[in-house]
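Colleague: The structure follows.
Computed from the coordinates by the stated procedures, all read-outs in this text should not be read as laboratory data. Just so you know, these numbers come straight off a predicted model, no measurement behind them. Don't worry about glycine lacking a Cβ; one is built from the backbone with ideal geometry, like all the others, and counts go over all protein chains shown.
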Protein chains: 4
Amino acid sequence: MRFIVTLILGLASSVALADPRARELGVPFDGTPGPLNAITDVGGVTVGQVTLLEDLANGKKVRTGVTTILPRGKATLDSPVFGAWFSLNGNGEMTGTAWLDEAGQLEGPVVLTNTHSVGVVRDAVISWRVKQGKPDASGYWWSLPIVAETWDGDLNDINGFHVHPEHVWRSLDEATTGPVAEGSVGGGTGMICHEFKCGIGTASRKVSESGHDYIVAALVQANYGLRDSLRIAGVPVGPHLRGDTASIGRKPEAGEMGSIIIVIATDAPFLPHQLKRIARRAGMGLARMGSSSGNGSGDIFIAFSTANPQALEVKPLLQASFVSNEHIDPFFTATVQATEEAIVNAMVAAKDMQGTEGHSARALPHDKLIELLKRYGRYSGKS
Amino acid sequence: MRFIVTLILGLASSVALADPRARELGVPFDGTPGPLNAITDVGGVTVGQVTLLEDLANGKKVRTGVTTILPRGKATLDSPVFGAWFSLNGNGEMTGTAWLDEAGQLEGPVVLTNTHSVGVVRDAVISWRVKQGKPDASGYWWSLPIVAETWDGDLNDINGFHVHPEHVWRSLDEATTGPVAEGSVGGGTGMICHEFKCGIGTASRKVSESGHDYIVAALVQANYGLRDSLRIAGVPVGPHLRGDTASIGRKPEAGEMGSIIIVIATDAPFLPHQLKRIARRAGMGLARMGSSSGNGSGDIFIAFSTANPQALEVKPLLQASFVSNEHIDPFFTATVQATEEAIVNAMVAAKDMQGTEGHSARALPHDKLIELLKRYGRYSGKS
Amino acid sequence: MRFIVTLILGLASSVALADPRARELGVPFDGTPGPLNAITDVGGVTVGQVTLLEDLANGKKVRTGVTTILPRGKATLDSPVFGAWFSLNGNGEMTGTAWLDEAGQLEGPVVLTNTHSVGVVRDAVISWRVKQGKPDASGYWWSLPIVAETWDGDLNDINGFHVHPEHVWRSLDEATTGPVAEGSVGGGTGMICHEFKCGIGTASRKVSESGHDYIVAALVQANYGLRDSLRIAGVPVGPHLRGDTASIGRKPEAGEMGSIIIVIATDAPFLPHQLKRIARRAGMGLARMGSSSGNGSGDIFIAFSTANPQALEVKPLLQASFVSNEHIDPFFTATVQATEEAIVNAMVAAKDMQGTEGHSARALPHDKLIELLKRYGRYSGKS
Amino acid sequence: MRFIVTLILGLASSVALADPRARELGVPFDGTPGPLNAITDVGGVTVGQVTLLEDLANGKKVRTGVTTILPRGKATLDSPVFGAWFSLNGNGEMTGTAWLDEAGQLEGPVVLTNTHSVGVVRDAVISWRVKQGKPDASGYWWSLPIVAETWDGDLNDINGFHVHPEHVWRSLDEATTGPVAEGSVGGGTGMICHEFKCGIGTASRKVSESGHDYIVAALVQANYGLRDSLRIAGVPVGPHLRGDTASIGRKPEAGEMGSIIIVIATDAPFLPHQLKRIARRAGMGLARMGSSSGNGSGDIFIAFSTANPQALEVKPLLQASFVSNEHIDPFFTATVQATEEAIVNAMVAAKDMQGTEGHSARALPHDKLIELLKRYGRYSGKS
């Protein structure tokens, strides 16, 4: 009998939020987070996650899903956002980037899934658009969706192609504001970082600039890195935790096989060429975790701004506001900080997982992390 | 009852070759073509095309398909090629480009289809790979396929999603060397250029360089351009042929809505950064047709070299040969020439087509083309 | 005795304008030019050219100079413009492009000179800025000038380094609106195209879009191309004019050694990422001349918009207007058309020149050009 | 009276080497350095530095110079190397990059100087080439030199334009193998990092891959960063050292004004597209120092490989070897590590400096650094 456990957002997040996040454990981070410390601190952004957990009759295990980010929630249907992307190491897929580069605008959701399901998800975004009954304000149907991936084939039966259009549609239909479930959920269900169980993580930063308050936030689907390279808050955590490595049927010597997709959202107004600058900074947050962006890793970043809703109307002459380049530095710093915290959040939230082919991945042990932070004078909790 | 007419390669090409190609009509081109004047003049390259023509019970019409290029034929399974891409105007999709840019290598086929079927085709390339039973020599399954598209929604029921995995698998299994069917076949079935029926076209050029004989070839899936801008062999054909425009339910004033994917293949040895240079020249061939690469057009080009089969073996230290930059000019020129001829071939081969929603597209009238070539002193045929 | 003939702008242009330009000879071009058919049709743009012609006592000959474009005339000192660049074939230098890419803005003039004088010109732009007595509105001195080059070493004693800071300063101080001298003037003094004498050329196009009238204009410093590849208005002029090649001590077989810098200016409002799109289209105009952008050619293009003078003020939050992507096509077409005409204008304006080392270059013979246009049905003059 | 103290390489390095470098102070670094822990561990690479220190009669002070890296020492004249570059934040100049991108090769030295002297240095590299008496093996004179800069106008009378051609020529003529002077020398003379005195730094790493021993090395001209962001070996050094800030007439609130040029050299064989990958990793080393690559910073990186000396001979068909992408990770990691250590070396080597306009910069206090390393459990020295 087919048994699918699908954790939809509400449930997943209520469970997840009972657990401590990284800063609650005592990991020190710079900067001030927004109220949810999540990508949904950016007004209007909604997130929908569908998690597929199933133990198949043939012994294989399904450990995968879909995480969908709608820049303007329901209004995403008709109102694009300015956006840009950057590939630090392109061993991965993000569809739709040629048009994103060209037009400087992102016309629908950003959807994250596993490597072998990018296609079904991409076409399902189009068919969902068609199902909404009418084209966008310009008379167009979206046709170049942004879908990105990381590879969960260690824990998930990836060649079983278990993501179906209805999963994508549900993630689109049920996307909400509010807290975002982290760890082994959605597209991140089967992911592994630094040889610990990993998945989805998010974080945000407040930026006050010239009398305005803005949010810069990150959501990551993290699946990269070797154990030894792991650094948390500058502490060389990895070399101290050489045991507990994921049992995934290959050697660490094989090098980084994973990937990380980083989505940066902000409500501050930026033009597309500025968002490309911001996207590049995501890699500097990744660098602080100890990564050197290995050959096997698809480290691909996308940034968008929800400001300027009028800027992409269907009119010949448009207007946009933007923060000047001279005032962009706090947004760069916030990007680096939010990225770093989102990755640690993904690791902290994930739980041990039994996967397909007898593979398994252990979670980052919270107690040992705290102990190491203390040993290196970096513990920020109540001692 | 469902009625699918699928013209596989052998049939399609034998029919097509009975018809004159552009140079046989008297269109003058520079340079010397290879024996087939096709991308299959590059040794080892195979092409598979599956054409879907169906009049559905609901009145809609299927006019679409898949065109697959295997750089090394069956050996493509295990032996990558050096490759690169360039987007002149990115209103289109080509998946797999982040890795192509990063690694400088193309690890499977290049597949062309319609805009709304890129996803199914992409995943089907992966599932075909899995069906072959073993990963490639590096232990990997291909997972970042190159799939590109142009939009056939004027003539094809594009939102019916009629391309299925088995069509992709068939195009892969049945790909062959030899003549390549042109016009309304494969991925080009429902395409329109300069408001004339269009589709797939190909051409090749011989290049002799320092005692070696090489081939540079182009295959295009052409779907771009307004009537007035059409130039053939420098002759302003478009303004003279203002009638006979495609009846497609929208105005020419809407601007260029189409796209062109150009695939450049060569057996000359080039490194990835040199192939990127070659890919850029495809746009110069397109420019000679009168295009200024409109906003709505996805003008995306990919180039690969079948030389250096040993250069991407699974070894730590590899060797490659390459033509020096100082000797690359004839290959640039051949790229421009082959691209231009491939586009004209696509237009010349296509026949009038009735499409969905009552839309239709007329073929370029051969007699009028000949007349215009004569009027402008550019007819190269027997007068 | 040292004898420097320096033709400053006023003189040079009054002489030059007595001569017919390409369209006056009967070359057909598409589109409608602005009043001057020059880059100075874009309001505010000024051009200064200093031409250095000298026969030295040691037998060497100076045939070089400086062409300076100020996007906002004198106001360029304090008011940047949005800008972008593209390299079709980067065998050349354009300084300042890293910041142009990053910031999306051009903060001073664009200066064109010979290959071996880029440095002195670059530093002279900085020293001129310093001489103006105060930094720009942001408190900065310009320090990353845009200086580009083509190689005039066939006719000019390029290793004599004859361009001096005062020449640059004069071109900046004396830049004016009004007609622009073409041919062997300014930075174009010693340049050669398609083995004919060449140099500076310019042209413009009117674009009416949604009730606004705009200008798109090109200025080229043209020095590229082999004779055989020359096409004018689609006519294969080159192969008919195989004699009269430049006597420059090297063989055509050596391939394209020259370069072309293309500057695109518009008063239509565009954002930086859109100007990059426009810059790319300059290469399509070049393609229409028959070029395939040879390895030895530095084919580098820059585009700027003089709209939005307030958009780069020293304020935290800025506003800009921009033409929507859906309405950009006429600007693409105008870019292609203006580029093509500017190149032909450069060739038509240039006169035979005796250069250094006994080298010489003949001008394109007007009578033969007219004859060929007539033979191919492309003559637009009064017959 | 004009008084110029010019420290040439031999002298400067013998002085400098008496001082402890970062790892000798007890800063922990990952990886194994080469014998000199310098860019000159890459066989054949030579470095020449000319330091200009002068107190002018008008009260202004000269604090600038030139640092020159010759990839193949004297053989650089005739033998290019494969190379590539990356701009993390392009508020800076590196000339010659269009051709470096296009050709994948670096044809002469890499020269570092101050922002306002890039031009004179660039032309001086050309004139030095001409002075050598003959063009390179291809018959060409170098004409597109690589010259990069950071801005020393806080301490140096930058608008005095004190770098002259003879300084460049001397740095080229006197470049040697062996130890490399660090800190306030050469192009780094007047530079400041994280509001401490800074300048030139270098480091190297051994990489053993498949039986071969290679070197990856970095040389930086470092001039970036705010105090608070400074991290050394993961320790938040900056916030603990808020005093001692450079007295430079502007507020930290002004944001990062500086820049960093990073030169990566290796003797491992890589193709140009792979060197671009390596160049990108330099930014990950910078990120570990706490930088988020501010708007005002020109963070521009170049990488070259001295392997394959035969690969760029003047022949039609060439051969190159290269490490496979699957084995590139150790080189990425070495790049990150060497960059990080080179920056710390630059800070550790620099001494307090009195500059122009009464400005001054203090050196990083070694004792306080050691104390902080100890406090955070990161001291690697003998306690």
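Colleague: If the elastic network links every pair of Cα atoms under 10 Å, which of B:Asn58, B:Asn345, B:Asn89 fluctuates the most in the Gaussian network model of chain B?
Modeller: Sorting by GNM fluctuation, first place goes to B:Asn58.
Colleague: Right, next: Please give, to one decimal in nm, the separation of the simple spin-label points placed at B:Leu56 and D:Leu317, each 7 Å out from Cα toward the Cβ.
Modeller: It works out to 5.4 nm between the two label points.
Colleague: Still on this structure, please answer the following. Over chain C, what is the relative contact order in whole percent, taking alpha-carbon pairs under 8 Å and six or more residues apart?
Modeller: Relative contact order comes out at 25 percent.
Colleague: If you don't mind, another one. 5 Å is the cut-off here: which amide hydrogens, built 1.01 Å from N in the peptide plane, fall below it relative to D:Asn114, excluding neighbours closer than 5 in sequence?
Modeller: Sorted by chain and number, the residues that satisfy this are D:Gly65.
Colleague: A follow-up question, please. Can you tell me the order of B:155-162, D:64-71 when each peptide is scored by its average per-residue count of other Cβ atoms within 10 angstrom, highest first?
Modeller: D:64-71, B:155-162
Colleague: Over chain B, with a Gaussian network built from C-alpha contacts below 10 Å, which listed residue (B:Val263, B:Val130, B:Val168) shows the highest mean-square fluctuation?
Modeller: It is B:Val130.
Colleague: Does the stretch A:132-206 classify as rounded, prolate or oblate by the C-alpha gyration tensor (a ≥ b ≥ c root eigenvalues; a/c under 1.5 gives rounded; else a/b over b/c gives prolate, otherwise oblate)? Kindly include the intermediate steps, with their values, before the conclusion.
Modeller: Details: a/c = 2.37, a/b = 1.48, b/c = 1.60.
Note, shape of the stretch A:132-206 comes out oblate.
Colleague: For the protein assembly as shown, which cysteines have no second Cys with its Cβ under 4.7 Å from theirs?
Modeller: Cysteines of the protein assembly as shown left without a disulfide-compatible partner: none whatsoever.
Colleague: Just the Cα atoms of the stretch D:83-221, one point each, no solvent: what log10 I(q)/I(0) does Debye give at q = 0.15, 0.21 Å⁻¹?
Modeller: Log10 of I(q)/I(0), two decimals: -0.87, -1.44.
Colleague: Can I ask one more? Of all beta bridges DSSP finds with both residues in the protein assembly as shown, what is the antiparallel percent, to the nearest 5?
Modeller: Counting only bridges with both partners in the protein assembly as shown, antiparallel ones make up about 80 percent.
Colleague: Scattering from the C-alpha atoms of the stretch C:30-105 alone, worked out with Debye: what is log10 I(q)/I(0) at q = 0.17, 0.21 1/Å?
Modeller: Log-scaled intensity ratios, in q order: -0.96, -1.12.
Colleague: I would also like to ask the following. Find the centroid of the Cα atoms in the stretch A:366-381 and in the stretch C:261-283, then give the distance between the two in whole Å.
Modeller: Going from one Cα centre to the other spans 54 Å.
Colleague: Through the Karplus equation 6.51 cos²θ - 1.76 cosθ + 1.60, θ set to phi - 60°, convert the phi angles of the stretch A:182-188 into ³J(HN,Hα) values in whole Hz; use x for Gly and Pro.
Modeller: My calculation for the stretch A:182-188 gives 10, x, 7, 9, x, x, x Hz in order.
Colleague: Would you list, by chain and number, the lysines whose Cα falls below 28 Å from the Cα of B:Lys374, excluding same-chain residues fewer than 8 positions away?
Modeller: The reachable lysines, counting only those whose Cα sits under 28 Å from B:Lys374, are B:Lys197, B:Lys206, B:Lys351, B:Lys382, C:Lys368, C:Lys374, C:Lys382.
Colleague: Going out from 0 in 10 Å bins, what whole percent of all Cα-Cα distances in chain C drops into each bin?
Modeller: 6, 27, 35, 23, 8, 1, 0
Colleague: Follow-up question, since we're still on this one. What number, in percent, do you get for the relative contact order of the stretch A:156-309 if the mean sequence gap of Cα pairs under 8 Å and at least 6 apart is divided by its residue count?
Modeller: Here the relative contact order equals 20 percent.
Colleague: Test of understanding: ordering B:Arg122, A:Arg129, C:Arg21 by Cβ neighbours within 10 Å, fewest first, what list do you get?
Modeller: By the 10 Å Cβ count, ascending, the order reads C:Arg21, A:Arg129, B:Arg122.
Colleague: Taking H placed 1.01 Å from N in the peptide plane, check which residues at least 5 places from C:Asn89 or on another chain put their amide H under 5 Å from its amide H.
Modeller: HN-HN under 5 Å from C:Asn89: C:Asp299.
Colleague: OK, next. Run the dipole for chain D about the Cα centre, Lys and Arg Cβ at +1, Asp and Glu Cβ at -1, nothing else charged, and hand back the magnitude in debye, nearest 20.
Modeller: Value, rounded to 20: 500 debye.
Colleague: About its Cα centre, what dipole magnitude does the stretch D:118-250 give when the only charges are +1 on Lys and Arg Cβ and -1 on Asp and Glu Cβ, stated in debye to the nearest 20?
Modeller: Charge dipole of the stretch D:118-250: 140 debye, to the nearest 20.
Colleague: Apply the membrane-span-like helix rule to chain C: whole DSSP H runs, Cα extent along the own long axis of at least 24 Å, mean Kyte-Doolittle hydropathy at least 1.6. List the helices found.
Modeller: None clear 24 Å together with a mean of 1.6.
Colleague: Another question, if that's okay. Rounded, prolate or oblate: which one fits the stretch B:282-383, using the alpha carbon gyration tensor with axes a ≥ b ≥ c (rounded when a/c is under 1.5, else prolate when a/b beats b/c, else oblate)?
Modeller: It comes out prolate by the Cα gyration axes.
Colleague: Dimensions of the protein assembly as shown along principal axes (Cα, Å, largest first)?
Modeller: Principal extents (Cα only, largest first): 95, 94, 60 Å.
Colleague: Got a sec? How would C:Phe86, C:Phe322, D:Phe304 order by Cβ neighbour count within 10 Å, fewest to most?
Modeller: Ascending number of Cβ neighbours within 10 Å: C:Phe86, C:Phe322, D:Phe304.
Colleague: With +1 on each Lys and Arg Cβ and -1 on each Asp and Glu Cβ, and nothing else charged, work out how big the dipole of the stretch D:337-383 is about its Cα centre, in Debye to the nearest 20. Before the final figure, lay out the partial values.
Modeller: Values: 7 positive and 6 negative charges, 60 e Å.
Dipole of the stretch D:337-383, to the nearest 20 debye: 280 debye.
Colleague: Related question: Can you tell me how much longer the chain between B:Lys134 and B:Asp173 gets when fully stretched, taken as 0.36 nm per residue apart minus their C-alpha distance, in nm with one decimal?
Modeller: 12.4 nm
Colleague: Out of A:Asp213, A:Asp267, A:Asp173, any idea which swings most in a Gaussian network model of chain A, alpha carbons joined below 10 Å?
Modeller: Greatest mean-square fluctuation among the candidates belongs to A:Asp213.
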